[in-house]
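Scroll down for the structure; my scribbles are underneath it.
The values are calculated or read from the model by the stated rules, or taken from the named source; none is laboratory data. Note that the structure is a prediction, hence the values are computed from the model and not measured. Glycine also receives a Cβ, built like all others from the backbone with ideal geometry; neighbour counts cover every protein chain displayed.
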Amino acid sequence: MSLLKDTLCTYRNHSDIVRAVAWSPDGTRITSASDDKTVHICDALTGANILTLRGHSDQVVAVAWSPDGRRIASGSLDKTVQVWDVTANCQVLSYQGHSDSVLALTWSPDGTHIASGGADKTVQVWDVTLQRNVLNHSGYLHWVVAVAWSPDGKRIASASTDKTIRVWDASTGHNFLTYQGHSKSVNAIAWSPDGKYIVSGSGDRTAQVWDATTGNNVATYRNHSDIVRAVVWSPDGTSIASGSADKTVQVWDAKKGSHFLTYQGHFNSVYTVAWSPDGIGLASAGLDKTIRIWGISTEREFLSLGKVQMHLTGS
């Protein structure tokens, strides 16, 4: 089990709100999306800016690495999803299938497709190679603000401000399950590494873990004092980190919902959290325009501290 231990660094590469962060598959770089209309790629250890991608005409609110680490997809209020070749530093594709803002996106595990959700109340799946739409999933009553592809590539989970989460077949669009456990907007979702569970964060100030097949609630986390905007599983599947409008990042047991610690370093709402692929770092960002990297330790080290709750202050 991995747990937060210390602050490593704070990056200030953006001039406006940072909406999303993602680690490269090899863990050496971090990409970020911002209201300043740019996507940045920085060195994960030093924070040095490696590349700035400019192409969107409005706020960039979603970003994700391709599984091979060669491309980045970004979604914007300009209604487009853009795909970038990070080696050649060029845009290779602009998808314009949405009729309103693109608010979320996710790559398929094999890197051949992207699913994007938007303010047009749809999730759209498109083939990156053929550059064409292959599936539209609709039926939401309001914005789709989060999408996540299952680890096995067979299902997609999507969440909406209509308080629901849907799990559906990535090939046919058939709806397997609709989860209605939250009392307010669902802002974030993430699959467990084994694909058996989904965690969701909501405006009702809770994060909930539920069985992805049955929809049964497994755990409910209630330690945040404001909207939960971001959730992420640890790579080993035992812990979850959640970010909130209460300015904190909190880490807790994925199945029991029991609290481990609270990280206090941001000066305003936390919009996004991302665990490093090797499990030794956690990135968070938000309204204070900063990206903060927290260090990770093992459960054994944590237990040696007597399980005392740690309140850490970021640099």
Of the residues 236, 194, 204, 246, which is in a loop (DSSP other than H, G, I, E, B) and under 21 Å from residue 103 (Cα atoms)?
204
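Among the residues of the range 128-137, write down those that are within 27 Å of residue 273 (Cα to Cα) and not β-branched (Val, Ile, Thr).
Taking the range 128-137 first, the residues within 27 Å of residue 273 (Cα to Cα) are 128, 137.
Within the range 128-137, just 137 meets the criteria.
Could you pull out the residue among 266, 182 that is within 16 Å of residue 146 (Cα to Cα) and in contact with an Asp or Glu (Cβ under 9 Å, 6 or more places away or on another chain)? Talk me through it step by step, then tell me what you get.
On the way: 266 fails: within 16 Å of residue 146 (Cα to Cα).
Matching residue, one of 266, 182: 182.
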Confirm whether residue 246 is surrounded by 17 or more Cβ atoms within 10 Å (Cβ to Cβ) and among the charged types (D, E, K, R).
yes
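Listed residues 102, 92; which is farther than 20 Å from residue 172 by Cβ, surrounded by fewer than 18 Cβ atoms within 10 Å (Cβ to Cβ) and among the hydrophobic types (A, V, I, L, M, F, W, C)? Write out each step before concluding.
Working: 102 fails: surrounded by fewer than 18 Cβ atoms within 10 Å (Cβ to Cβ).
When all the criteria are applied, what remains is 92.
A quick yes/no check of all residues on (1) in contact (Cβ under 8 Å) with a residue 12 or more places away in the chain; (2) surrounded by fewer than 23 Cβ atoms within 10 Å (Cβ to Cβ); (3) touching a strand residue (DSSP E or B) at 6+ places or on another chain (Cβ under 9 Å); (4) among the aromatic types (Phe, Trp, Tyr):
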residue: 162; (1), (2), (3), (4): yes, yes, yes, no
residue: 168; (1), (2), (3), (4): yes, yes, yes, yes
residue: 171; (1), (2), (3), (4): yes, yes, yes, no
residue: 176; (1), (2), (3), (4): yes, yes, yes, yes
residue: 181; (1), (2), (3), (4): yes, yes, yes, no
residue: 184; (1), (2), (3), (4): yes, yes, yes, no
residue: 188; (1), (2), (3), (4): yes, no, yes, no
residue: 193; (1), (2), (3), (4): yes, yes, yes, no
residue: 198; (1), (2), (3), (4): yes, no, yes, no
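Of everything in the range 249-291, what is outside any strand (DSSP E or B) and aliphatic (A, V, I, L, M)? Give them in sequence order.
Step one: filter the range 249-291 for residues outside any strand (DSSP E or B), giving 254-258, 265-269, 276-280, 287-290.
The answer is 254, 280, 287.
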Sort through 57, 99, 76 and tell me the only one that's at pLDDT 95 or above and under 17 Å from the mean Cα position of the chain (by Cα).
76
Write out, first by first residue and then by second, each pair whose Cβ atoms fall under 9 Å of each other, whose residues are 6+ apart or on separate chains, and whose first residue, in the range 59-70, is buried (at least 24 other Cβ atoms within 10 Å of the Cβ) while the second is of a type in the set (Lys, Arg) and part of a loop (DSSP other than H, G, I, E, B).
60/37
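Of these, 178, 213, 220, which one is β-branched (Val, Ile, Thr) and outside any strand (DSSP E or B)? Please lay out each step first, then the result.
Numbers: 178 fails: outside any strand (DSSP E or B); 220 fails: outside any strand (DSSP E or B).
Only one candidate passes the filter, namely 213.
Name the one entry in 238, 220 that is surrounded by fewer than 22 Cβ atoms within 10 Å (Cβ to Cβ) and either among the acidic types (Asp, Glu) or under 16 Å from residue 282 (Cα atoms) (or both).
From the options 238, 220, the qualifying one is 238.
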Within the range 218-239, which residues are under 12 Å from residue 198 (Cβ atoms) and more than 12 Å from the chain's Cα centre (by Cα)?
218, 219
Number of the exception - residue 118 against (1) touching a residue at least 24 places away in the same chain (Cβ under 8 Å); (2) farther than 27 Å from residue 270 by Cα:
(2)
Residue selected from the range 274-300 under the condition surrounded by 12 or more Cβ atoms within 10 Å (Cβ to Cβ) and modelled with pLDDT under 50, by the criterion farthest from residue 68 (Cα to Cα)
299
Members of the range 1-32 found to be modelled with pLDDT under 90, touching a Phe, Trp or Tyr at 6+ places or on another chain (Cβ under 7 Å) and either crowded, with 20+ Cβ neighbours inside 10 Å or among the aliphatic types (A, V, I, L, M) (or both), listed by number
3, 4, 8
If you scan the range 141-188, which residues turn out to be more than 17 Å from residue 112 (Cβ to Cβ) and touching a Gly at 6+ places or on another chain (Cβ under 6 Å)?
144, 158, 177, 179, 184, 185, 187, 188
